[in-house]
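The values are calculated or read from the model by the stated rules, or taken from the named source; none is laboratory data. Everything numeric in this text was worked out from a predicted model, so none of it was measured. Cβ atoms come from the backbone with ideal geometry, glycine included; neighbour counts cover every protein chain shown. The area values use the complete protein model at the heavy-atom level, side chains included, leaving out ligands, DNA and RNA. Shrake-Rupley method; radii C 1.70, N 1.55, O 1.52, S 1.80 Å.
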Amino acid sequence: QVQLVESGGGLVQAGGSLRLSCAASGRISRIIAMGWYRQAPGKQRELVASITSSGSESYTDSVKGRFTISRDNAKNTVWLQAKTLKPEDAAVYYCYLRGLEYESLRFLDSWGQGPEVTVSS
């Protein structure tokens, strides 16, 4: 079983910044990718940013140039630095992990509880 512990959500003014972090622990043989999804009220969950174990990053268009994802493979931790926040960035942000289970090497997908980010205009 894999646990994802997130931190860093909260209230921020438009134009402000915050950083989300997510640490993974548990029976993981290998992490393939980690990242962040978000879901605003009444909207579908969308992929915000992801990063592979080799460091390849991807972002949804609406956050390019404003958000940066980074990770520490040794600590199984990923961060999302969000700058110039807009009201439309307000959502619950979910950390996710794609990896291989320890011993069985089956693919696994795990989700965090989701810190809420509120952006005041």
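Counting only C-alpha contacts under 8 Å and six or more residues apart, can you give the relative contact order of the chain as a whole percent?
36 percent
Find the accessible area per residue for segment 4-71; the probe is 1.4 Å, ligands and nucleic acids are left out, and the unit is Å². It would help to have the intermediate numbers written out before the result.
On the way: 3570 Å² over 68 residues.
Accessible surface, normalised per residue, equals 52 Å².
How much of the accessible area of the chain, in percent, comes from carbon and sulfur atoms when a 1.4 Å probe is used? Could the numbers behind the result be given before it?
Values: 3050 of 6640 Å².
Carbon and sulfur together cover 46 percent of it.
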- Query: How far is it, in nm, from the label point at Lys43 to the one at Lys83 when both lie 7 Å from their Cα along the line to the Cβ?
  - Reply: 2.2 nm
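Suppose the chain between Ser104 and Glu116 were pulled fully straight at 0.36 nm per residue; how much longer would it get relative to their current alpha carbon spacing? Can you show the working numbers first?
Details: separation 12, 0.36 × 12 = 4.32 nm, distance 3.40 nm.
Computed gain between Ser104 and Glu116 is 0.9 nm.
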- Item | segment 73-112 - accessible surface per residue (Å², probe 1.4 Å) | 55 Å²
- Message: What does the charge count around Gly15 come to, taking other residues whose C-beta lies under 15 Å from its C-beta (Lys +1, Arg +1, Asp -1, Glu -1)?
- Response: +1
